[in-house]
Amino acid sequence: SKVIGDEGLVVGIDIQEVNKKLSGIKNVRIYQKDIFDITDLAQIGVSEQFDVVLSDMAPSTTGMQSLDQIRSLNLVESVFGLLPKFLRPGGNFVIKVFDSQNAQNYLKEQKNRFNEFQYLKPKSTRSVSKEFFVIGKHFKA
């Protein structure tokens, strides 16, 4: 909350149980709910779209690579679908993606929704991991 200042707000939404200690931090609100059930920003106590949307969502994995890739891509597509509701024009977006040819094709289609669009695989990620992050800057809405 130091980075966002006195007027900023961090909102965390997770379908899993959330660490209750986080809700005690100034300018931080934590909700345990399914993001796809939120039909209006007022349900999470905000009236304006966000400057940044960060999605670290991942599907339940089965160990079957092709099925896991499909589930991941379905989730990614769903999150991109939420952007007009949650992300203000000019805002920034980060999402975790499990790599596949279909994911690459879908992401190419999404590039034009941002002024800048890049992929990042953090050094801390295992070399065999198929996950990477997509960073979209300056959402065109």
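Amide H contacts of VAL53 (H built 1.01 Å from N, in plane; Pro and chain starts excluded): ASN92, PHE93, VAL94 sit under 5 Å, all sequence-distant by 5 or more or on other chains. A simple spin-label model places the labels of TYR106 and ASP56 2.1 nm from each other, with each point 7 Å out along Cα-to-Cβ. Backbone amide hydrogens, once placed in the peptide plane, bring GLU131 within less than 5 Å of ASP99, excluding anything fewer than 5 places away on its chain.
When shorter helices are ignored and each DSSP H run of at least 4 residues is given -39500 (n - 2.57), the per-residue value for the chain at 222 nm works out to -7500 deg cm²/dmol.
Residues of the range 60-97 with amide nitrogen under 14 Å from the 7 Å Cα-to-Cβ point of GLU116? Hits in the range 60-97 for GLU116 at 14 Å: 90-94. With axes computed from alpha carbons, what is the tilt in degrees of helix 101-110 against the longest principal axis of the chain, rounded to the nearest 10 within 0 to 90? With rounding to tens, the tilt is 40 degrees.
Read-outs: derived from the displayed coordinates by stated rules, not from any lab. Note that this is a predicted model, so its numbers are computed, not measured. Here the Cβ is made from the backbone with ideal geometry for all residues, glycine too, and neighbour counts use every protein chain on show.
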